[in-house]
Structure formats: structure tokens, C-alpha cells
Amino acid sequence: MSSLDIDFVRAQFPAFSEPSLAGQAFFENAGGSYTCKPVIDRLTRFYTQRKVQPYAAYEASRLAGQEMDEARSRMAAILGVDTDELSFGPSTTQNTYVLAQAFRQWMKPGEAIIVTDQDHEANSGPWRRLADAGIEVREWQIDPDTGSLNPQDLENLLDEKVRLVCFPHCSNVVGEINPVTEITAIAHAAGAFVCVDGVSYAPHGFPNVGDLGPDIYLFSAYKTYGPHQGCMVIRRTLGELLPNQAHYFNGDVLYKRFTPAGPDHAQIAASAGMADYVEQLCGHHSGPKTGAAEQGAFVHDLMRSFEVALLQPVLDAVKDRNAVRLIGPSDASMRAPTVALSLNRPAEPVAAELAQHGIMAGGGDFYASRPLQAMGVDPAQGVLRISFTHYTAKNEIDQLLGALERVL
């Protein structure tokens, strides 16, 4: 497999030629990525040429609807699912909340769901609120030292009452990549559906959700180089079983059932730019010429191998430092390049110090209070989070390592 051409990659992101950002290395990608040029171009075109109500007979409207449909069909193909199994909504948190309301109506008091204390609050809080309806909420707990989830512990929580198991593909503070296929198989064998929060994983290569096997897979387009949309895969069997949450006349359209709000036409249309970008990377690196899922898998592996090589020196630099606790694995191949460090002081001022050295990073709890507390980290003190992706260059890693040497 060819190695990633970082110069080609960075040429697809206008931020890297933006004078106001020169000299600043971006390490808060887990909070939101830079946007690739195909997305920006599509968004501009929609706002200038198609900003009308879509799906009418006149040309601007017809093209508007066509571009929205293109985004759904092309992204669903990359994700290995049917076109109508992919929905767009205002955010992953909002999408999860709507799903939770559907489960609230569908489940009976005394039935159970399983959540983890490794998740971002978006895939935890909405589900935990179902306790108000008499639904039992069971917590699959992480190892307080490592932050890991043990599949054996899940097996001990499962019985015939459990209807849904919710867990992250990887946590936005622990970073460890969970074995989604294995966990999904365990849950399915017990008769439960599965909801995976992929927000922290998808920026590092779109997964083939069809191959992984979960019933729900959620991620955020604004973290995968796209516009501010929540992307939600709901496989047909579950989607048709749950009660419709949209207008009654949209109930027979799978991709509309769980998006009650009016869709953001322009941002949905612009999401096709993410598929454009995957195709560009695949073509430039001599990947498969056909098959969206195959092209997506090729680009996924291209991104991951590049990131792992950049990540290991960062982990090596921090894992044995006094007064620094690395959260999650120290082996880059086991995690995403989202690195949380617990310090012996509040993290936010340290992030501010890094900014003086041209490092854009964050400090805080990152809506992950539950995993931090489970690992004995005070959420008020927070963690310093350093997160990057495949468009990060080696000289930026060197800049980061130099800055960390000064501030830690």
C-alpha cells in the first residue's frame, strides 16, 4: 500500500494556506476538524445557486434535491449500508436524543438498556434518562486504571431483559479502539440491539458499518472534514421496528423517521464533499477504481497507518513523565490519535500556555465527566487533550513535542 502524500492532503484544505493560521499547529481536531475544499465548494454552490426549497420541478430546486440525495447515497455506500439507512440531523447529541425517545415509546417498564461510563455524554445521558420511564439502566464500567472496557464484563450484564447496548467505537478521552464486531456479536447473541458512538473514530477513516454489524452508528460530519451535521446509520430491521418520531406522513420513509426537525438542505448537500474527498485520496494514491465501500476502506487504512506512525512518538514522549498521566493505551496501534493527559494541575491554563507556542489544543472535561471520574480524574481540573488526524504534518508533531517539553 502506498504511503499518504501529506502535501497532496494538505492542498485539499484551505486552512493550511490561510495566512491568519500560519505557524499554528492544530491539535484540537477531536473537537472539530478543518473542512476540505470539496465540502466548501459544494456549500458555496448551494448557497449561491440552489438556495430554494428542494424537490420541486424548476431547475434550481431539482438540482438542490438531487445534491441532497447524492450526499446520502454516496456516504451510505462508503459506510456499507443502504441509502435510506443513513439520516442527517443537526448533531449527534440531538440524533441520540430523538432515538432515545423512540426507545422510550417502544420499551416496556422493567426492560433494560446498557450504557458505559467510557462514553461522551451524548451516547450516555439521553439513554440514562429512560430510567424515568421505568426502564432499567445498567452500566458497563471501565477499568479505573486503564479506562478499558472488558467484553467479559458486558456478558455478565446481559440477560433477556436487555433491549439495547450503547458504547463508543472509541472514547474521546480514553482513545482506545473498542472491538465493535466482537461486542456487537455478544449483544446480538443475547437478543439486544447495539448503538455505537463513532464520533471519535470516524475522523480517522470512515468505517464499513455494514461489516462491523451494529444496528445504530453515529458520527459528526464537522469532525470528518465536513459541515455541521450529525450522521446516523439505523439499519432497516430496527428502524422499522421503532415508533416514527417525525411528521406522521413521513413515517414510511426510513431516513426521515428519526429526524423530526426540518433538514439543513445546504449542509446535507455539502456532505457529498466528504465522498468527493475520499475519491480524491483514493485516486491520487492509486487505490481501487470502483466500489465506494472498497475506496472508503482503502482511504481508512491509508489514514490510520499514517496517523499511527505520527502518534507513537507523542505517546513515547508523555507516557513516563512525572506528574503526567496518559489516559488510555501507550501503543499507537490500539488507539485513535486523541491523547488526554491528566496533570497535577488544571489543564485549561496549560492549553493556554501551549497556545503561546503555536499549539492549538484544549483543556477541560470534553463532555466526558463520567469516564474521567471513573478513572479518578477531577473533571473540574480536566485533562489536556491533544488530538490530530491524517492531515497533520511531521513538522507539526515536532512543534508539539517541543512545546510540551516547555510547558509540562
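The values are calculated or read from the model by the stated rules, or taken from the named source; none is laboratory data. All of these numbers come straight from a predicted model, not from anything done at the bench. Every residue, glycine as well, gets a Cβ built from its backbone with ideal geometry; the counts of neighbours run over all protein chains shown. When the accessible area is computed, the model is the full protein with side chains, heavy atoms only, and any ligands, DNA or RNA have been set aside. Shrake-Rupley method; radii C 1.70, N 1.55, O 1.52, S 1.80 Å.
Summary of values
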read-out: Cα-based Kirkwood hydrodynamic radius, the stretch 338-404, one decimal, Å; value: 12.4 Å
read-out: Rg in Å to one decimal, and Dmax rounded to a whole Å, for the stretch 182-311 via C-alpha atoms; value: 16.4, 51
read-out: Computed accessible area, HIS228, all protein chains, 1.4 angstrom probe, square angstrom; value: 90 Å²
read-out: Cα principal axis extents for the chain, largest first, Å; value: 60, 53, 37
read-out: Centre separation in Å (Cα based) which lies between the stretch 27-74 and the stretch 170-247; value: 23 Å
read-out: Whichever lysines have a C-alpha closer than 30 Å to that of LYS37, once near sequence neighbours (fewer than 8 apart) are set aside; value: LYS51, LYS223, LYS256, LYS289, LYS394
read-out: Per residue accessible area of the chain, 1.4 Å probe, in Å²; value: 39 Å²
read-out: Span from the the stretch 118-168 Cα centroid across to the the stretch 320-337 one, whole angstrom; value: 24 Å
read-out: GNM flexibility winner over the chain from HIS204, HIS120, HIS265 (Cα, springs under 10 Å); value: HIS265
read-out: Residue with peak Gaussian network fluctuation, the chain [Cα springs, cutoff 10 Å], from GLY213, GLY376, GLY31; value: GLY376
read-out: Taking the convex hull of Cα positions in the stretch 75-172, its mean projected area over all directions (nm²); value: 7.5 nm²
read-out: Kirkwood-based Rg to Rh ratio, the stretch 86-232, C-alpha trace; value: 0.94
read-out: Accessible surface of the chain, 1.4 Å probe, proportion on carbon and sulfur as whole %; value: 50 percent
read-out: At 1.002 mPa s and 20 °C, Stokes D of the stretch 284-339 from Kirkwood alpha-carbon radius, µm² per second; value: 165 µm²/s
read-out: Reference-scaled alpha-carbon Rg (2.2 N^0.38 Å with N residues) for the stretch 91-135; value: 1.09
read-out: Length-normalised contact order for the chain - Cα pairs under 8 Å, 6+ apart - percent; value: 23 percent
read-out: Shape category assigned to the stretch 1-156 from the gyration tensor of Cα positions, a/c cut at 1.5; value: oblate
read-out: Tensor-based shape of the stretch 238-301 (alpha-carbon gyration tensor, a/c under 1.5 rounded, otherwise prolate or oblate); value: prolate
read-out: Pairwise label distance in nanometres, ASP398 with SER3, each label 7 Å out on the Cα-Cβ vector; value: 1.5 nm
read-out: Stokes-Einstein D in µm²/s, Kirkwood radius over Cα pairs - the stretch 313-375 at 25 °C with 0.890 mPa s viscosity; value: 192 µm²/s
read-out: Candidate lysines - alpha carbon under 18 Å from LYS161, same-chain residues fewer than 8 apart omitted; value: LYS108
read-out: Signed unit charges on C-beta, dipole axis of the stretch 281-325, positive-most listed residue VAL314, PHE298, LEU281; value: VAL314
